[in-house]
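Q: Supplied in structure tokens, the structure appears directly below.
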Amino acid sequence: MEFILLDFNTEDLQILLFILFLPVYVVTMAGNVLIVILVTFNPHLHTPMYFFLGNLSCLETCYSSAILPRMLFGFLSGDKTISFSTCLAQLYLFGVLAGTECYFLAVMSYDRYLAICKPLHYTMLMNGRVCSLLIAVSWICGSLGISVLIFLVSQLTFCGPNKINHFFCDFTPVIRLSCNDTALIEIIAFTVSFVCTLPPLLITLTSYVCIIHSILRIPSTTGKQKAFSTCSSHLTVVSCFYGSLMIVYVLPNISSLSEVKKLLSLFYTLLTPLLNPLIYSLRNKEVKEAVRKTFRKLHKLKIQKRENKRKF
């Protein structure tokens, strides 16, 4: 009826881990929620690029909330138990959001490819209907495979040990506790992982190769440096996310790699959601200006409220 999450097997460091991971969660949520608010209420950011960034930030808030709150609660209370149904729900949410993020990153890189390499056709190719369709397709592709996997996992029998060697309900540690033969499920899981990571990765890398090729044609050295700085930042986040994700889910499930995979899981569960708002949005001039305007409006509203109180 329930599992026990072993997280990092450090009983004496639970409070220290809570103090370490709580600011990460707070900053991640604040950064991503801020971007969603700015993109939604600022007309200057109603463009395809910021539409995708807003959707990515919305996904990241859900992504972080699917894992970190339960982990923080375990650090603070010492309660490591999680019910079977909650474990399946966490596994499903994580799988859907991680798979969808792969496609989101591919869509965003394709959007930048069109904007830089096909500027004359960009408005026609990336209109509102196409943007909405790309987001919808990303969600569908990210959820189909994991839905099948969760159904198969829910049919398994768990009658042995109930300790999950991970800090959240991940696929491999969970099915290792099953009393059934899981060979077929593992093959399906490998196929789903392959489909959800490799095609989006190829699209992302191809887009950036084309972008870098176009940047090399820029005559200005300053222009090249700025463009390369942006691309290198994006590629760093993409490499961190895809690299750790593929190592964890595509490499064979060998016991000796379990601790390494657990540590690598921190990259795509904690680090990527934290860095995405900083790398993709908060460094942009348009976003910085939108933040300034928003705070100015809030400051003016506070002054108006004070003046109205004085009048009354």
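The values are calculated or read from the model by the stated rules, or taken from the named source; none is laboratory data. Just so it is clear, the structure is predicted and the values come from calculations on it, not from any experiment. Counting neighbours? That spans all protein chains shown, and the Cβs are built from the backbone with ideal geometry, glycine included. Please note that ligands, DNA and RNA were not included when accessible areas were found on the heavy atoms of the full protein model with its side chains. Shrake-Rupley method; radii C 1.70, N 1.55, O 1.52, S 1.80 Å.
Q: Going down the table (LYS80/LYS262; LYS163/LYS261; LYS118/LYS293), which pairs top 21 Å between alpha carbons?
A: From the list (LYS80/LYS262; LYS163/LYS261; LYS118/LYS293), the Cα-Cα distance tops 21 Å for LYS118/LYS293.
Q: What's the extension gain from LEU301 to CYS62 if we count 0.36 nm per residue and subtract their Cα-Cα distance?
A: Extending this stretch completely gives an extra 83.0 nm.
Q: Rounded to the nearest 500 deg cm²/dmol, what is the calculated helix-only ellipticity per residue at 222 nm for the chain, with -39500 (n - 2.57) per DSSP H run of length n ≥ 4?
A: Mean residue ellipticity at 222 nm (helix-derived): -25000 deg cm²/dmol.
Q: Take the alpha carbon atoms of the range 168-221, find their center, do the same for the range 148-164, and report the distance between the two centers in whole angstrom.
A: 24
Q: HN-Hα J couplings of the range 134-145 from phi, Karplus 6.51/-1.76/1.60, θ = phi - 60°, integer Hz, Gly and Pro as x?
A: 5, 5, 5, 4, 4, 5, 5, 5, x, 9, 5, x
Q: Would you mind getting me the FRET efficiency between ILE15 and ALA136? Use the beta-carbon distance for r and R0 = 45 Å, nearest 0.05.
A: After rounding, the FRET efficiency stands at 0.55.
Q: Using the Kirkwood formula over every pair of different C-alpha atoms, what hydrodynamic radius in Å results for the range 162-232?
A: 16.0
Q: I need the fraction of alpha carbon pairs in the range 143-183 separated by more than 10 Å, rounded to a whole percent.
A: Looking at the range 143-183, the distances longer than 10 Å represent 72 percent of pairs.
Q: Give me the 1.4 Å probe accessible area per residue for the range 1-155, excluding ligands and nucleic acids, in Å².
A: 48
Q: In whole percent, what relative contact order does the chain give with Cα contacts below 8 Å and a gap of six or more residues?
A: This gives 25 percent for the chain.
Q: State the extension gain, in nm to one decimal, for the chain segment bounded by LEU271 and THR221, taking 0.36 nm per residue of separation less the distance between their alpha-carbons.
A: Between LEU271 and THR221, full extension yields 14.8 nm more.
Q: Here is a further query. Helix 48-65: angle to the longest alpha-carbon principal axis of the chain, degrees 0 to 90, nearest 10?
A: Taking Cα atoms only, the helix is inclined about 30 degrees.
Q: Consider just the alpha-carbon atoms of the range 16-144 and return their Rg together with their Dmax, both in angstrom.
A: 17.6, 58
Q: Now, a different point. Using Cα atoms only, what is the angle between the long axis of helix 285-311 and the major principal axis of the chain, expressed in degrees (0 to 90) to the nearest 10?
A: 80
Q: Okay, next question. Please list the radius of gyration and Dmax for the range 105-154, considering alpha-carbon atoms only, with Å as the unit.
A: According to the Cα coordinates of the range 105-154, Rg and Dmax are 15.2, 51 Å.
Q: Using a probe of 1.4 angstrom, how much of the accessible area of the range 88-217 is carbon and sulfur, in percent?
A: Roughly 71 percent of what the probe reaches on the range 88-217 is carbon or sulfur.
Q: Also: Give me the log10 of I(q) over I(0) for the range 66-204 at q = 0.11, 0.16, 0.18, 0.20 Å⁻¹, as the Debye formula computes it from C-alpha points; what are the numbers?
A: -0.53, -0.88, -1.01, -1.15
Q: Take GLU2, project a point 7 Å from its Cα along the Cβ direction, then tell me which residues of the range 43-80 have their backbone nitrogen under 11 Å from it.
A: Residues passing the 11 Å test: 79-80.
Q: Let me ask something additional. Taking Cα pairs under 8 Å and at least six residues apart, what relative contact order does the range 53-156 come out at, in percent?
A: Computed value for the range 53-156: 36 percent relative contact order.
Q: Further, regarding this structure: Please compute the volume of the convex hull spanned by the alpha-carbon atoms of the chain and report it per residue in Å³.
A: Given the Cα convex hull of the chain, per-residue volume reads 184 Å³.
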